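Following: one structure in structure tokens, then a few remarks.
Please treat every number below as a calculation from the coordinates, not as lab data. For clarity, every value in this text was computed on a predicted model and none was experimentally measured. All Cβ positions, glycine included, derive from the backbone under ideal geometry; neighbour counts span all protein chains shown.
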Amino acid sequence: ITDAPITIGDWSPRNSGGQYRGPITLREAFAISSNVATVRLSERIGRENVIQAARDLGVTAPLTPEPSLALGSSGVSLIEMTAAYAAIANGAYPVKPQGLPATEERGWFSSLVSGPSRLGRRIQPMMLDMLWQAANAGTGRAAALPTQTFGKTGTSQENRDALFIGFSGDLVTGVWIGNDDNRPLKGVQGGGLPALIWRDFMSNAVVGGAAPMPRRAAPQRHPEPGPEPRKIEREPTRIVVPIEGTGMQVGVDVRDDGVTFSAQPTAPRDRPAPRELPPSQAAPPPPVIREEPQPDRP
């Protein structure tokens, strides 16, 4: 697809930073968040098809079929966007967000998938491949974990919203940053603070990239006699993120029994930036299954 300036009617979308690369692959366009390539793709396949794909993935928010649709000009809630990513992670859609059930007979993740539709053995690997590229080599590389990491950045017009949504193992998490009065953020993009918050949270919430942290086991009613087993406790993890230009900071306390959010005036000393992972520690991309064309049958 072509990564070059485009004009539709009296509207001309632009890439962040004003950089254009000419003909590139869809994987590259997705990884670098090319706005013009995204609009070209939407116009090629049709805006109504874009809206239908969003509906299939569970998005119920009003979507206006205008050229800027593919860039997120129609507002969608964070929980619906995260549920759409969960459908890609699981390979089945739609996923309906809900509170965790008291009993987990089928497992909490599979119990959320209510629809019988599947993404298919061709579509899901390609989606995972693009999400891996964005989270490990593209605009979201600050979120990369030592385990398989999939995700995508998002930054709305004039930096009013900054997002990173992704998953590792079977835990899907969405992070949004914005001002309550919809004022533009100062230099905050989806690949910056949201990606770093996402990585900090997922680093403590995911074990080996395979499953969420297990719940704390209930005490035994009748313990067996013998030596007391070694008790392993995780120290509570506190993430403090200053919001530039507001004089406030957001605190996230991650414990075994839950997560607590708080806001308070900015501490006199800023929290140091998270350590960047060397490229060698990033998990390799998933294999892409490609189907060879079959000869026509007589």
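Numbers for the structure displayed
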item	result
Additional length obtainable on full extension of the chain from ILE79 to TYR20, 0.36 nm per residue less Cα span	18.0 nm
ASP253-GLN157 pseudo-label distance in nm [points 7 Å out on the Cα-to-Cβ vector]	4.1
Whether the range 1-87 is rounded, prolate or oblate, judged on the alpha carbon gyration tensor where a/c under 1.5 counts as rounded	prolate
Vicinal HN-Hα couplings computed from phi for the range 68-83 (Karplus, 6.51 cos²θ - 1.76 cosθ + 1.60; Hz; Gly/Pro x)	7, 3, 5, 9, x, 5, 8, x, 10, 5, 4, 5, 6, 5, 5, 5
Segments 135-144, 191-200 sorted - mean Cβ within 10 Å per residue, highest first	135-144, 191-200
